[in-house]
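I have placed the structure first, in the form of structure tokens, so that the comments after it can refer back to it.
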Amino acid sequence: MNYRLLTAQTIRTAALDVLDRAGIDRITPVRTKKGMRRVRTKWASVDGLKISYRKLDCGGDVLEIWDGAKVFNVQCEPVDRLSIVSFRRGLWERKLYTPVSELIKNAFVEAGTRSSAITEAIELSAAFKPSA
């Protein structure tokens, strides 16, 4: 597996995690070869990013991310094979991981843990961020 595909899988996993935690279901018009269709889509917004996920009729799925313009579009086939449709690297990748550190911080604050432990936990979570 090449580095680009591995990075895309990591981003997809993080985006799906955000959708699981903060996503809302919407009905979205989608252009197909047969014309326009209404499709159930899950959406989330994180730090200026917009994330969209929908299942395909063939059993696969599509995940798209916008940072103003579309920066990431992958399709996963029913056999768990990931295809990169478009992938523009940038600082938007770091924005995707912001919710992880925020969740850690909130968990420590709710538990009444001292601020230095919160800072340390956030720094540890930074190790999981992709390089720019």
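The values are calculated or read from the model by the stated rules, or taken from the named source; none is laboratory data. Predicted, not measured: the structure shown is a model, and the values here were computed from it. Cβ sites come from the backbone with ideal geometry, for glycine too, and all protein chains shown count toward neighbours.
A compact table of results
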{"item": "Strands (runs of 3 or more DSSP E) contained in the range 42-101 and holding at least 3 residues of a type in the set (D, E, K, R)", "result": "49-55, 61-67"}
{"item": "Qualifying residue in the range 23-30 (condition: within 20 Å of ALA8 (Cβ to Cβ) and at pLDDT 75 or above)", "result": "yes"}
{"item": "Count of residues meeting criterion [more than 21 Å from VAL85 (Cα to Cα), basic (Lys, Arg) and outside any helix (DSSP H, G or I)] in the range 3-33", "result": "1"}
{"item": "Those residues of the range 37-54 which are surrounded by fewer than 16 Cβ atoms within 10 Å (Cβ to Cβ) and modelled with pLDDT of 90 or more, in sequence order", "result": "ARG40, LYS50"}
{"item": "Residue in the range 70-77 that is among the acidic types (Asp, Glu) and modelled with pLDDT under 65 present", "result": "no"}
